[in-house]
Amino acid sequence: MEKLDLSKVDFLSSHEEISDFFKISPHRQLSQIALVGRSNAGKSSLINHLFNNKKLARVSKTPGKTKLLNFFKAKDRLFVDLPGYGYAKTMQSMRKQWGETIERFFTENTKLECILFLLDIRRDPNEDDLVMHEWIVNKNIPCIYILTKSDKLSPKESSKREDEISKILSPEKSLSFVRYSVFSKHGRDHLIKLLKDKWA
């Protein structure tokens, strides 16, 4: 497996379905790293911060704005920003459509090699988060758990929340997390090291 190179990234395209991307992209054979999480968890902000490009992914303060699969190319891998799930104010029909889009991405995609699972450190995992975690465990896909917006809490509070979130997601097995803050620039080096260590 090729060593992961994060030195340069380009936005490729957006699609409603993974099959649409596979039909047209010359990069469809590349392995993928997917970002998942509920609406407003900070996926787009993390992409911009991780690759040091504020204009790479569109960031909105309104939850539920990312409705498509967004594909980014980092040398020999693809990063895929998936639509956020679970936004309460979204129309029920649209929420159902988004859920089906995400499900098809996972079931029809054989190129997925890692998941970045983003969770807001201030919020307990909800039912959608638990379903996503169960899927990750059952499919045995390597996963890096990221607690976003960690600057909103003190180090002591962050440590407490990390323990609480771990117990909710995985009562029988403690999970490891990356505490991440785009605002304070904390966690970027840790995440890059974890990604590179996986493909060293």
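The values are calculated or read from the model by the stated rules, or taken from the named source; none is laboratory data. Treat the numbers as computed from the prediction; the structure is a model and nothing was measured. Reconstructed Cβ throughout: ideal geometry from the backbone, glycine too, with neighbour counts over all protein chains shown.
Brief remarks follow.
- Meets criteria (over 20 Å from L194 (Cβ atoms), at pLDDT 80 or above and surrounded by fewer than 21 Cβ atoms within 10 Å (Cβ to Cβ)) for L112: no
- Candidates are the residues of segment 1-30 that are of a type in the set (S, T, N, Q) and either over 22 Å from K198 (Cβ atoms) or at pLDDT 90 or above (or both); the one that is surrounded by the fewest Cβ atoms within 10 Å (Cβ to Cβ) is S19.
- The residues listed here are L118, L130, L78; of these, the one that is in a helix (DSSP H, G or I), at pLDDT 90 or above and hydrophobic (A, V, I, L, M, F, W, C) is L130.
- The number of residues in segment 41-75 being crowded, with 16+ Cβ neighbours inside 10 Å and modelled with pLDDT of 60 or more comes to 20.
- Among (1) in a helix (DSSP H, G or I); (2) in contact (Cβ under 8 Å) with a residue 60 or more places away in the chain; (3) touching a Ser or Thr at 6+ places or on another chain (Cβ under 7 Å), the one test that K196 misses: (3)
- Any hit, segment 175-186, residues being in contact (Cβ under 8 Å) with a residue 60 or more places away in the chain and in contact with a Ser or Thr (Cβ under 6 Å, 6 or more places away or on another chain): yes
- Some residue of segment 173-189 being at pLDDT 90 or above, within 25 Å of K73 (Cα to Cα) and in a helix (DSSP H, G or I): yes
- Every test in (1) under 24 Å from V137 (Cβ atoms); (2) touching a residue at least 12 places away in the same chain (Cβ under 8 Å); (3) touching a helix residue (DSSP H, G or I) at 6+ places or on another chain (Cβ under 9 Å) is passed by H190 save one, and that test is (3).
- Of all residues making up segment 136-169, the number that are buried (at least 16 other Cβ atoms within 10 Å of the Cβ), at negative phi and within 15 Å of the chain's Cα centre (by Cα): 7
- Candidates I136, I146, I141, I165 - the one that is at pLDDT 95 or above and more than 16 Å from H186 (Cβ to Cβ): I165
- Long-range neighbours under 9 Å by Cβ, at least six apart or interchain, first residue more than 14 Å from L82 (Cβ to Cβ) within segment 129-149, second assigned to a helix (DSSP H, G or I) and aromatic (F, W, Y): K139/F106
- Identity of the residue in segment 108-128, in contact (Cβ under 8 Å) with a residue 60 or more places away in the chain and of a type in the set (D, E), that ends up nearest to K43 (Cα to Cα): D120
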